[in-house]
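Shown next, in structure tokens, is the structure this report addresses.
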Amino acid sequence: MSQRAIEPRGVQVGMRVLTVLVLAFLYIPLFLIVLYAFNPARSQSWPLPGLSTRWFVATWNNQEVRTALVTSIKAGLGATTIALILGSLAAFAVHRFKFFGRETVSFLLILPLALPGIVTGMALNSTINLGGQLIGITFSLWTIIIGHATFCVVVVYNNVVARLRRTSTSLIEASYDLGADGFQTFRYVILPSISTALMAGGLLAFALSFDEIIVTNFTSGSEITLPKWIFNNLRLPNQRPVVNVVASILLVASLVPVYIAQRLTQEGGGLVTAGRGTMLAQTEDALEHPATP
Amino acid sequence: MKRYHVNAIAAVGALVVLASCGSTANNAQSGSNLPQTIGKGEGALNLVAWTGYVESGKTDPKVDWVTPFQTQTGCTINVKFADTSDEMVTLMRQGGGTQWDGVSASGDATNRLIAHGDVAEVNVNLIPDFKDVIQSLQSPRHNTINGHHYGVPYMYGPNVLMYNTNVVKPAPTSWAPTWDANSPYKGKVAAYDSPIFIADAALYLKTHNKSLGISDVYELTSNQLDAAITLLKQQAPLIKKYWAATTDETDPFSSGDMVIGTAWPYQVSFLKSENKPVAALVPSEGATGWADTWMMSSHAQHPNCMYLWMKWTETAAVQDQVAEFYGATPSNAKACDLLKQHIGASADTDYHCGDNGFLKNIALWKTPLQQCGDSRGNTCTDYTVWQQRWQEVRGTK
Amino acid sequence: MGAERLMPPPPSGFRALRHRVGAILHRAPTARLALLLGPVLLWMVVIYLGSLALLFVTSFWGQDPVSGAIVQNWNLDNYGFLIREPVYRTIAIRTVGIAVAVTATDVALAIPIAYYAARIASPRVRTFLLLSMVLPLWSSYLVRVYAWRTILSGDGVLNWSLHQVHLGSVNLGFSRWSLWIVFSYLWLPYVTLPVYAALERIPNSLIEASTDLGARWLTTFRRVILPIAIPGIVAGSIFAFSLTIGDYIAPDLVGDTEFIGNVIYQSVGIANNIPFAAAYAIVPALVMAIYLLIARQLKAFEAL
């Protein structure tokens, strides 16, 4: 136990036990999903009759899965790019300037995540339909990207703001003193200091987009991303083994970027402070690092 | 679980107009506008179909009537599987009718699609195997208006009573175990999730509550509808899950969570192929069912490919394949000969292939209208009302 | 060695342009702000807020019965229908009910692990725990729901395990219980993180003071720790509540009954009645608005 723990011993042990139980609750289903990918039978009953990789081969040969994977990657990259640009711009704006409605910006950015997904999905669906009537927009990869970008922005924003708060302004002043202009300062001083935050934000945004199904159902039309492929194929009894494989791949594929992002933002408190849906950065860092004058 | 009040009002309204005027539908091509030859395929075909109707070897490499079609015609098929007729109607209207070229519509969707001009008239002279279709499906009311054909018949079949042979003993002969409030299988019964399932309740009442005087289960007066809804609400606690996607039935049957209930032959075939202990029958009260028609969108982007597909799926060879896989009965009488060759006597006992009498005894899905079509005049309940009442049933569980 | 040689040569060409632009921007902070904030604001306001407004407006429109197209005939029919038909009220209440149950469960599950990570665990263990909490947050929602569908089915892991310890079997598949379990499982990480942050901020001195005044730990927890952590707890609960109330996929995959999300989704995908779906979608949006207002009163936003 940590030396700073001041709770009575019984409480410490009790909390520890509960923690282990909660962790088990969280991780056993994930572990089972990966296990089921190696299920040789079509039936889903437990216990599994053995382990086999035959369905991995079948999945790789499945043209639809490959197409869906490519679509997901494309959507992820597109949404991440937009989120990186918009998110960091917004972060700079909020960090460097005091202006009317400053707090509202944060609230506005988190709204797509705070409102139920079906509301966001339906809203975007209505707009696309209207756009279709007015200027001929169709449901396509671009509508998927726009939908994803809308809630990926806040992820990048949080990460960059958190990092900016930790960046000492004296570095920037020194840069100006040494004769650099605004662009040079940005390129040689500011950018390197937020690079890992950008990377973390980008990775998180990608993971978020890659997994997304709730809003994507409303914005994709006939385009099929990987989660949508799973959603469609859950209704076909014979596709179950392939779905298992795709599900476990999706799981692993989204965990890797998140793990890397966590390591990148380790010193800043990691993803707890700049992760999905939390704006702890604002409060935490505001307390520790007073805002620039 | 699909309730859609407002939009169905017109669907049904238009149907009434159609029925009373008996005229041809609106956008559809008619008479001399019909194509006289099938042109070159456009290279692609977008279909909406019931699960199991468009197999391309993904389920079982040996079950494939899509790849040969694609190879021969160059039309690459993109299929979307729908779970209910309501969903099919909505899909066919997407993108102004341009998103999907064809649909395997059941009788409760066909008239709605025809009435709104969503589907085009078809020149059956271009379909050589059409002449082999059994008599009662050549010009049925659900896809032929005044001699104008709006599609070609595909497969038909009843909604059977499927049960777990290990659990349900003795073997059931009636629908009673699925409706009776004291059913021993309470909490493990299956039911179909669509307003059209009300007809199944009416079918049960037709035999067990003769005082209601139900004759056609789709032509229900308010009184009869109320009785059916009451029965359905009474059934709700018995139901494990209302299924629409076939896996919502095959999964629980596989795991033992469901043991008895209404099913399509597809689920029965699938579970049997997985060596699960199931059997199915048409109980003494009879059954509702469906006769499906391949229809082409009146705004189809790939009409030639669609005609080629209709031609392909009308052949005896293809229909025989579908029958053996899906469990439904082919409309092409010559397919029955092939079926009998392949599976022997069960072509008659299980499929009732070519049996016009059997077909007449199935209460085929059709859209409920206000017009009762008999001496009761316009006092029947239409589909909009059915949708609203179904929502009630589903909301109470 | 004159000063002149230490001066950089005057810039020319592109560099000159950059300097000029930089100078202008430096002297006009408003321009800089506009450049930085403009794109984001434009995107969020036009695309997102605009969409929300359109959705709200659509709920007042109707649908052409014949073609299924949306007709802009401004009426309250959709709302009237929702209010008149009791089934929609039942569904709404049921949805809010399960949202409350799930939120309460998640808070109960989150507190132990958040407390342990925040106050008891060593730094290394804490990092490990935080990572463990965050990872499921980012893994696929659909995959996790599907996992539970398999676990809870009649022949799944749960029943098998119960058999092994001779506890009989449960019939949880496709029921409200399975939905409750699944929702609690899905949103637990969302609740844990703000609770963790809130608990971590409590200074040791407060707890020591409470102990000095003679309180046992349980009393301290109830009367000192919990009240301070309330904003964080409420902040976490926002996500659990919001995500449950609008969900339409999990009820279909592991449940057996109707929730607001199902009705809306089917109204769009099967009935193609978007105005009605929009009207019903206002319900979760409204509920969330009220919840957020209450949360603000409880100072949850400062803990977010």
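Each reported figure results from applying straightforward, stated rules to the coordinates on display, with no laboratory input. Note that the coordinates shown come from a computational prediction; the quantities given were computed from them, not determined experimentally. Note that we place each Cβ from the backbone using ideal geometry, even for glycine, and neighbour counts take in every protein chain shown.
The figures follow:
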| quantity | calculated |
| --- | --- |
| Expected 222 nm ellipticity per residue - DSSP helices of 4 or more, -39500 (n - 2.57), all of the protein assembly as shown, to 500 | -18000 deg cm²/dmol |
| Rounded to the nearest 20 debye, dipole of chain B from Cβ charges on Lys, Arg, Asp, Glu | 620 debye |
| Relative contact order of chain C, defined on C-alpha pairs under 8 angstrom at six or more residues apart (%) | 23 percent |
| Amide hydrogen neighbours beyond the local backbone of residue B:51, cut-off 5 Å, H modeled | B:82 |
| Table column - 3J(HN,Hα) (Hz), region B:236-249, Karplus curve with 6.51, -1.76, 1.60, x for Gly and Pro | 3, x, 7, 7, 6, 7, 7, 9, 10, 6, 4, 5, 6, 10 |
| Euclidean distance of C-alpha centroids, region B:128-163 and region A:27-98, integer Å | 44 Å |
| GNM flexibility winner over chain C from C:251, C:227, C:136 (Cα, springs under 10 Å) | C:227 |
| Surrounding net charge for residue B:316, when Lys and Arg each add one and Asp and Glu each subtract one, Cβ distance under 13 Å | -2 |
| Backbone HN-Hα couplings from phi across region A:84-100 [Karplus 6.51/-1.76/1.60, Hz, Gly and Pro as x] | 4, 5, 5, x, 6, 4, 5, 4, 4, 4, 5, 6, 8, 10, 9, 8, 4 |
| Sites matching chymotrypsin sites (Phe, Trp or Tyr not before Pro) across region B:155-200 that sit in DSSP coil, with at most 10 neighbouring C-beta atoms within 10 Å | none |
| Rounded, prolate or oblate (a/c below 1.5 giving rounded, otherwise prolate when a/b exceeds b/c) for region A:1-153 by Cα gyration tensor | oblate |
| Straight-distance crosslink candidates among lysines, where the alpha carbon sits under 29 Å from residue A:74 and sequence neighbours closer than 8 are dropped | A:228, B:58, B:80 |
| Inter-centroid distance (Cα atoms) of region B:273-337 relative to region B:164-224, Å | 25 Å |
| Under the Karplus curve 6.51 cos²θ - 1.76 cosθ + 1.60, θ = phi - 60°, whole-Hz ³J(HN,Hα) for region A:107-120, x wherever Gly or Pro sits | 4, 4, 5, 8, 3, x, 8, 7, 7, x, x, 5, 5, 4 |
| Cα centre as origin, Lys/Arg/Asp/Glu Cβ charges: the protein assembly as shown dipole, Debye | 2820 debye |
| Which of B:150, B:114, B:167, positive extreme of dipole for region B:45-185 (C-beta unit charges) | B:167 |
| Interchain or long-range residues, amide H under 5 Å from residue B:56's placed H | none |
| Computed magnitude of the charge dipole of region C:152-263 (debye, nearest 20; Cβ of K, R +1, Cβ of D, E -1) | 440 debye |
| Per-residue Cβ neighbour rank within 10 angstrom, fewest leading, A:64, B:249 | A:64, B:249 |
| Trypsin sites (Lys or Arg not before Pro) within region B:343-390: DSSP coil, no more than 16 neighbouring Cβ in 10 Å | B:376 |
| Order of C:148, C:177, A:55 under a 10 Å beta carbon neighbour criterion, fewest first | C:177, A:55, C:148 |
| Residue among C:111, C:264, C:22 farthest towards the positive dipole end of chain C, charges placed on Cβ | C:22 |
| Fewest-first sequence of C:157, B:103 by Cβ atoms within 10 Å of each Cβ | C:157, B:103 |
| Separation between Cα centres of region C:41-58 and region C:215-263, rounded to whole Å | 28 Å |
